Structure formats: structure tokens, C-alpha cells
Amino acid sequence: MRILVTGGAGFMGSNFIRHMLARHADLQLVNFDKLTYAGNLENLRDVEDDSRYVFVRGDLADEAAVEALFGAHAFDAVVNYAAETHVDRSILDPKAFLFTDVIGTYHLLEAVKKHGVGRMVQVSTDEVFGSVEDGTFNEMSPFEPNSPYSASKAGGDHLCRAYAHTYGTPVIVTHSCNFYGPYQYPEKVIPLFITNLLEGKNVPVYGDGQQVREWIFTEDHCRAIEAVLEKGIPGEVYNIGTEERRPNLELTRLLLGLCGRDASFIEHVKDRPGHDRRYAVDASKIRRELGWAPEVSLEDGLAKTVEWYKTHEAWWKPLKSGAYLEYYKKQYVMR
């Protein structure tokens with residue numbers, strides 16, 4: 001099988017590439033990534049010499065680059081991980097999110113349609129549904145995005161629905177809860193808090209810390225996308241969730257314990273504008289129809305993640321110090 005993974009140098013995409021190469025001997029995989037600040041080829045250093053793997057640098061928002069990619073390679077399937085994803089950054093500068101998450105998805109859908117690709121998986125988020133006080137979101141819940149990030153992802157997802165309905169484009173959309181694990185850029189809450197605690201720094205908790213999030217370990221998410229890729233029905237939507245829901249303050253306390261720190265390291269800061277209070281998804285459809293279920297509990301997944309960051313300081317310290325960004329500018333931005 002010949003698979004294109006967009007955004008494969010990022011946290012989620014790199015874990016998926018490593019997962020698929022380990023599980024499928026007959027796979028040919030192309031990683032197409034713009035290499036923004038969060039795209040790091042160090043994430044894939046252990047597979048870069050694998051004959052089944054090819055890296056192509058490019059931007060989904062560049063229509064000519066996308067067409068050249070599909071002209072040079074014949075793909076059986078596409079998995080779209082490419083996205084701007086950090087809510088805080090979207091509040092400060094929404095424009096980049098529109099280019100990647102909406103225009104980039106459009107270019108990808110056009111290429112899939114034109115070149116007769118067998119299926120496309122759009123990796124999206126539960127944040128498109130907005131916040132829910134009680135109960136859960138199912139696949140038919142209306143979109144009510146509350147940040148520029150979630151609005152841009154909703155725009156791309158709507159395009160996927162429209163292309164499936166209008167053109168019969170074989171695209172499948174997934175809406176996942178929050179993921180975490182190795183190689184996650186340390187601006188996200190779990191790696192930020194872990195690395196801060198390992199450095200003896202405080203962790204900034206927004207507001208009262210009672211915002212509830214649902215969490216999935218990256219390996220469980222990889223298996224979910226693999227199941228959708230292999231058995232999902234084109235035109236359908238699948239929620240990916242674990243029922244592992246915790247207030248942010250409880251999550252923080254779990255991380256404090258795993259890192260050997262106490263509550264004095266908690267620093268409450270002003271809440272984020274438009275901060276959603278609670279996310280929760282109903283994932284019964286993917287369990288029932290595709291036979292997927294999470295295998296890693298939040299406590300076990302956090303322990304594995306903390307241990308990974310403890311033993312991979314050489315990966316994350318340059319990211320937090322700014323050294324990687326200087327390297328990135330010289331190697332990629334200025335070329």
C-alpha cells in the first residue's frame with residue numbers, strides 16, 4: 001500500500017509513521033511536511049534510512065507543490081495530519097490556521113479527486129463541537145467552534161463532507177479527543193508541564209483549572225487512525241475517545257506526582273479568552289463498527305510520557321531554549 005502522510009514531521013504524524021512502518025512490511029510511505037516550528041525531522045531520525053519511507057518538503061497551501069507531489073507519486077491512501085493546532089497561537093494570529101487547515105485541506109481534496117486516490121482520512125478534533133456542560137458529542141452533533149483554531153478545522157471538515165456528498169470523494173473524517181505522548185512539542189499542556197517540572201519551574205494553570213478534557217495516548221490514536229484507514233467507510237465520520245476525562249487541575253496533580261513535585265509548583269494564571277469548559281465525545285461508533293478500543297489508561301500513558309521526556313532531554317531542551325528555532329531558521333526558512 002502506498003500512503004501519503006501530510007504533516008508527518010509533527011507529533012501525531014511522526015508517531016503514526018513509526019507505528020505503520022513497524023506494523024506493515026509491505027508499506028510505501030511518503031511524508032509531506034512544510035517543516036514549521038513544530039515540524040521536526042528529529043522525530044523520525046530512526047526511520048529516515050528505511051527504504052519504505054520518503055520525505056518531501058512542501059506546503060499544502062501551495063497548490064502547485066501539492067499537484068507536483070501527486071504527479072510524482074501514485075497513492076492508494078492519504079492521511080491528513082497537516083494542521084496548525086495550538087489554540088493560543090490561533091488567538092494571536094489566525095491567518096496561518098486558515099491557510100493550512102482550510103485552503104490546504106481543499107488542495108488535498110482536489111488532488112485526491114483528480115488522481116483517483118482510494119481513500120483519504122482527515123484527522124480532526126473534538127474542538128469543532130465547542131463546549132458541552134453535560135453528556136457527550138456524537139458524530140451528528142452540530143459544529144460550534146469557539147477559537148480560530150477549531151473554526152479552521154471545522155472549515156476543513158465541512159469541505160470534506162461537501163466533497164464526499166458532491167463528488168463522491170472517498171474521504172473519512174475523525175474527531176479525536178486530546179492526544180499526548182512522546183515527541184509532542186512542549187507548548188502543549190502535558191509536555192510543557194512535564195518539562196517545566198523537570199526543570200524545577202512552575203506550571204501555569206489557566207483560571208480555576210476546572211476545564212475538563214478527554215485524553216488519548218498517541219499509540220492508541222495511531223491504532224484508531226489505522227483502523228479507520230483500513231476499515232472505515234468513505235463519507236462517514238468517526239469520533240475517537242477514551243472516556244478518560246479529567247479537570248486540568250487534576251491532570252496537573254497527576255503530573256506533579258510523576259515528576260516528584262508538590263502543589264507549590266502550581267501557578268494559576270489568567271484564563272485564556274473564549275476558553276471551552278468541557279469536551280467529551282461519544283466513541284461508541286468506532287468501537288462498534290471498526291472494533292477499535294483504547295488500551296492505555298491515562299495514568300499509565302502519563303507515566304510512559306514522563307519517562308520518555310526524562311530520558312530525551314536532548315530532544316526537548318533545544319526546543320525550549322530557542323536553539324532549535326535558530327537551527328530551523330537557518331536550515332529551512334532561509335533556504
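The values are calculated or read from the model by the stated rules, or taken from the named source; none is laboratory data. On a predicted model such as this, the values are computed, not experimentally measured, just so you know. Cβ coordinates were reconstructed from backbone atoms using ideal geometry, including for glycine residues, and neighbour counts include every protein chain displayed.
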| message | Checking Ser147 against (1) under 30 Å from Gly260 (Cα atoms); (2) crowded, with 18+ Cβ neighbours inside 10 Å: exactly one of these is not met. Which one? | response | (1)
| remark: In region 148-179, anything small (Gly, Ala, Ser), under 21 Å from Glu289 (Cα atoms) and either modelled with pLDDT under 95 or not in a strand (DSSP E or B) (or both) is listed as Ala164
| message | If I go through region 61-100 residue by residue, how many of them are surrounded by fewer than 18 Cβ atoms within 10 Å (Cβ to Cβ) and not aliphatic (A, V, I, L, M)? | response | 13
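Yes/no per residue for (1) at pLDDT below 95; (2) within 14 Å of Asn196 (Cβ to Cβ); (3) over 23 Å from the mean Cα position of the chain (by Cα):
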residue	(1), (2), (3)
Leu254	no, no, no
Leu258	no, yes, yes
Ile266	no, yes, yes
Lys270	yes, no, yes
Leu290	no, no, no
Gly301	no, no, no
Glu307	no, no, no
Glu326	yes, no, yes
| request: Evaluate the following for Asp157: is it farther than 30 Å from Glu299 by Cβ, surrounded by 24 or more Cβ atoms within 10 Å (Cβ to Cβ) and either more than 14 Å from the chain's Cα centre (by Cα) or in contact (Cβ under 8 Å) with a residue 60 or more places away in the chain (or both)? | output: yes
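Table: residues versus (1) surrounded by fewer than 17 Cβ atoms within 10 Å (Cβ to Cβ); (2) more than 22 Å from Pro186 (Cβ to Cβ); (3) without any contact (Cβ under 8 Å) to a residue 60 or more places away in the chain.
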site	(1), (2), (3)
Asp208	yes, yes, no
Cys222	no, no, no
Ala227	no, yes, no
Ile233	yes, yes, no
Val269	yes, no, no
Gly274	yes, yes, no
Arg288	yes, yes, yes
